[in-house]
Every structure is written in structure tokens, then in C-alpha cells.
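The values are calculated or read from the model by the stated rules, or taken from the named source; none is laboratory data. Source: prediction; values computed, not measured. Here the Cβ positions follow ideal geometry from the backbone for every residue, glycine too, while neighbour counts run over all protein chains shown. For accessibility, only protein heavy atoms count, side chains too; no ligands or nucleic acids. Shrake-Rupley method; radii C 1.70, N 1.55, O 1.52, S 1.80 Å.
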Amino acid sequence: MEKFNGILIKIYNFLIARRLLNWNNKVCRRIRAALFHNISRQCTASFGRRNPDRVFYVIRSPKSELGFFGLYNYVVDELKTAERLNAEPVVDWQYYPNDYLLEDELVGRVNAWEYFFLPASGVSLSEVYHSRHVIMSSGRYAGTLSEVNDAEGLLESSRLIEKYVRLNEKTRRLCEEEYHRLGMDHYRTLGVKCRGTDFRETRPQNHVICPDVETTARIITEKCREWGEFDKIFLATEDEIMFEQMKDIYSDRLLYNRTERFRTANGQWLNKTFDRSGRDKTYKYDRMLEYLISVYLLSMCDALIAPVVGATLGAMRIKGRYEQFYLVHLGNYD
């Protein structure tokens, strides 16, 4: 059965790499769902004779529309599974299309994980797909963010990130350059995450209601009275309107990284604004790199105020433990 699964997955990878199924439209998504990504869920596979004494755990991207830190948090969750199975984790962001990671023509040809991170176990994806003992992750992800309230769970995730989710040289250098450019090593800094654009306009059902700037500023004032004042406030947001409003309120106290921001998503999810296939092959990479840097800088702050979204969980996992944090709960969209 392992060899049969290996053949199925190789066929799937071949079709993706030859640009027969990698287009991220409804038709291709349905074909992929009906074929090997579903058939081969939670399976063991054999792809060849290499590494007979090692067991690898391939962490696949679960949903094409899942945002960057949804993917990131899924990987962290699956690292726990890999350790439980005593297997070496390897992340596959190559053969499973995602709206935020790769232009369609690059799917199956580039492992987007390595755009940002080193190989999780020091082994390339190509090597794993020639190895004898491989466990394929299920690809199922419930998207729970409950760990934000689990101090021990956050510390365990932080340990796994330190061990397996290591920034590659370029990403690490850019994070450090922004950190020092902003002078964050000289300030006591409050990190603030503001989520707007697609959440504000589409009001996605069951997702958390994110606070507006007026509510966020009120919470900042309340928490500074309780926790003590901060020299600076680092703001992580993709929303240009919220960004300008925060600048008006906090002026020189406000720190922020260099990134493209969006005035409106025009009633669409942000992934639709990233669809520039055939026009700019680095656009998605550039935006996700900026986003990743903003969350890593958020994790370098002393305290945190944020709604419960994927980036918040990501920052809390990277950090392990903030001096103080406040999670904004305003309910969920109907």
C-alpha cells in the first residue's frame, strides 16, 4: 500500500509540476480535491530507496485560500504530530497551491517554504520524495486559535519554532535590519495588531469581530494605565486607513515596518488583490515577506494588544511569553 500511495502522490506532483492542475481556479480546485490530495490523506508512502533508516513527515498545505499565518500555525500544529510519530518534519508548500504564496505558474516548481525558512529538518523536499518511509499529513485544519489562552501550549509551540521554523538568511537579515532601524532594542514597546480590509468589508461568518481604531486606542490607554507607559507602540496592520488613523493619534510614538498597505479590499478577501499571475512573479512573495517581518517584530515587543486572529497566535507562539497581553473579544460575525 505504501508503494501504491507513493505512485499516486508522484502522479499528482507530476500533474501539478506540468501546470495541468496548478491553476488556482474553481475547476482545478475541485479536481485536486477529488483526486490525490483527498485519496492520500493521512497515509504512509514509499517513493524510492533513499534514507531507509529515517522516517519523514510531510506537512502539506491544507487549503488554497488559507492565509499565511493560517498556514504557519498549521505547520506548528503538525510539528507536534511529527514529534509524536518520531518522524522528521518536512514542509511541502510546493505541490499544494495557495492564493498567498505562489503565482500559478510557479506551483509545483518552487517550495515556497524556503522563500522564508530553512528546511525544517535540513532535508530538501526533493530528497524526501525519493525516500522509503514517508508519512503524509492529513491536510485537515480546523483553524482553531484557542492556544492564545494556553500558556504552556504557547511555550511548547515556541520550542518547536526555535527547533524547526528557522528563518533563512535573507529573511533573518531583513527582520534584524527593520528591528534596528526602528530602534526597538532601545525602547519598551507595546505591540498592537489591527486587522481591517477584508474582515471589515466581508464580515466573514464566525470570524472574530476586529476592533476599529477608536476602540483600539481606548484599550491602549486603559492598559498603559494598568501596565505602565511604553516608550513606543509598534503597529502591525495591512489596512492603510487604520494605519493613517493610528499615525494621527500616536505620531512619533508609532513604529511600523515598511510594507504595502491596502485602503480597501472592495468587498473581497485580500487573496484576490494578490492575483497578479503573469504580471509580477514576486508580488506575493514580497507581500508575504513584509507580513512575516511585521509579525516577527510584533513578537519582539514587550507586551501585546490584539484581536484573536492567525497573526496574533503566530506572534504569541514565536514569543513564547509576553510580559503582558490583552486579547480583544468583541464577539463573532453572524
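Expressed in Å, the radius of gyration and Dmax of the Cα atoms of region 283-334 are 12.4, 36.
Can you give the net charge of the other residues whose Cβ lies under 13 Å from the Cβ of THR171, counting K and R as +1 and D and E as -1? Intermediate values should be presented prior to the final figure.
Values: positive: ARG166, LYS170, ARG172, ARG173; negative: GLU114, GLU169, GLU176, GLU177, GLU178, ASP286, GLU290.
Neighbourhood net charge equals -3.
Annotation: amide H of LEU255 within the under-5 Å range of ILE233, PHE234, LEU235, sequence separation 5 or more or interchain, hydrogens built in the peptide plane. Taking only the Cα atoms of region 82-188, the radius of gyration and Dmax are 16.7, 51 Å. Amide H contacts under 5 Å for PHE325: LEU304, restricted to partners 5 or more places along the chain or on a different chain, H placed in the peptide plane at 1.01 Å from N.
DSSP assigns beta bridges within the chain; of those with both partners inside it, close to 15 percent run antiparallel.
With 24 Å as the limit on Cα-Cα distance, the pairs of LYS63/LYS319; LYS193/LYS319; LYS80/LYS170; LYS80/LYS281; LYS232/LYS319 that go past it are LYS63/LYS319; LYS80/LYS170; LYS80/LYS281.
Step by step: find N for the chain, compute 2.2 N^0.38 Å, then divide the Cα radius of gyration by it. What's the final number? Please report the intermediate quantities before stating the final value.
Details: Rg = 20.4 Å, N = 334, 2.2 N^0.38 = 20.0 Å.
Cα-based Rg divided by the globular estimate yields 1.02.
I need the shape label for region 51-112. Rule: rounded when a/c is under 1.5, else prolate if a/b > b/c, else oblate, with a, b, c from the alpha carbon gyration tensor. Oblate, because a/c is 1.5 or more while a/b does not exceed b/c.
Over the chain, with the other protein chains present, what is the accessible area per residue in square angstrom, probe 1.4 angstrom?
Working: 15130 Å² over 334 residues.
The answer is 45 Å² per residue.
Give the Debye-formula value of log10 I(q)/I(0) at each listed q (0.17 Å⁻¹), with one equal scatterer per alpha carbon of region 105-251, two decimals each. Evaluating at q = 0.17 Å⁻¹ gives log10 I(q)/I(0) of -1.37.
Within region 94-204, what whole-number % of the accessible surface is contributed by carbon and sulfur, with the 1.4 Å probe and all protein chains included in the calculation?
Numbers: 2240 of 4630 Å².
Exposed carbon and sulfur together represent 48 percent of the surface.
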